[in-house]
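These notes concern the structure reproduced below.
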Amino acid sequence: MLGVNLLVRLGRKVLAGPIAEAGLLPASYYRHLTLAALEEEDFPGALTYLKWAADPLLAQILVLRLRLLAGRHAKQRQGILDLLGEGGGPSFQPGALEKYQDLLRAEDRALGLLGEYEARALALLSRPPLPAS
Amino acid sequence: MARKEISVTGAAVGGLAGWVAEVAISEITGHHITTGILEILGAAAGLCRLDKRLAAALQDTLEQTRGEDREDYRQVKERIEELTRDLPELREILGNMVDAGIQAQRA
């Protein structure tokens, strides 16, 4: 049983590592990996496997998901800006300004990352798929 | 043919022995017997159900477009058209799904 386990682990490591990342596996396997990454909202992972998945629909789903998420972050960002725009009125607790500014920076970072992922996904859509065996 | 009897005690003892073996082997060697096999089975099951998973991903995307405030299907359709101007295939599929939702609402 231990031998089987070691073989399975070795096979998994080889499949998940160098072979998978070299694009040597069938396109359906990359579709499975892309869908699994999408289900976990692991966008960089989905982008990694998408180039071998040869499925423009999956790329389009990823782009829409990223846009929806960016929309939610933009809404949250606007909410923080509105609060900051109130200018620290009497309802502002001490230290709240720094907290909101930290949140704003986090939202900006998130929007930047989502924009970068979207650009990568759109670039994949506009070029022919890489050959997967 | 002899009648097969199911032993609950036997199953419990077998399960316990298997669990003890798994724990002992993972403690001694650092390897998990079941994890690797379950992952491979999971990948195989995932590969067999790719179409269903793609449909689930589309349904999930539609739900995300509806948002937490459960917008009306017409508003969802407008938002989809706005967000998928450069994604024609997806726009058509989601548009059809929304139309089906509108018709179901009318019925």
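The values are calculated or read from the model by the stated rules, or taken from the named source; none is laboratory data. Keep in mind the model is a prediction, meaning the values are calculated, not measured. All Cβ positions, even for glycine, are placed from backbone atoms using ideal geometry, and neighbour counts span all protein chains on display.
Data overview
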read-out	value
The listed residue being assigned to a helix (DSSP H, G or I) and at pLDDT below 85, out of B:81, B:39, B:68	B:39
Lone unmet requirement of (1) at pLDDT below 90; (2) in a helix (DSSP H, G or I); (3) more than 20 Å from the chain's Cα centre (by Cα) for residue A:29	(3)
Set A:77, A:67: member being facing another protein chain (nearest Cβ under 8 Å) and modelled with pLDDT of 90 or more	A:67
Test: residue B:61 is within 12 Å of chain A (Cβ to nearest Cβ), assigned to a helix (DSSP H, G or I), under 30 Å from residue A:30 (Cβ atoms) and modelled with pLDDT under 75	no
Residue match in region B:42-53 (condition: in contact with an Asp or Glu (Cβ under 9 Å, 6 or more places away or on another chain) and at pLDDT 75 or above)	yes
Among the residues listed as B:102, B:93, the single one being over 23 Å from the mean Cα position of the chain (by Cα), touching a residue at least 12 places away in the same chain (Cβ under 8 Å), over 18 Å from residue A:122 (Cβ atoms) and in a helix (DSSP H, G or I)	B:102
Any pair with Cβ under 6 angstrom, 6 or more apart, that starts in region A:65-85 at a residue that is closer than 14 Å to residue A:96 by Cα and ends at one that is modelled with pLDDT under 90	A:80/A:100; A:83/A:100; A:84/A:100
Selection count where residues are touching a Phe, Trp or Tyr at 6+ places or on another chain (Cβ under 7 Å), hydrophobic (A, V, I, L, M, F, W, C) and loosely packed, with under 11 Cβ neighbours inside 10 Å, scope region B:67-107	0
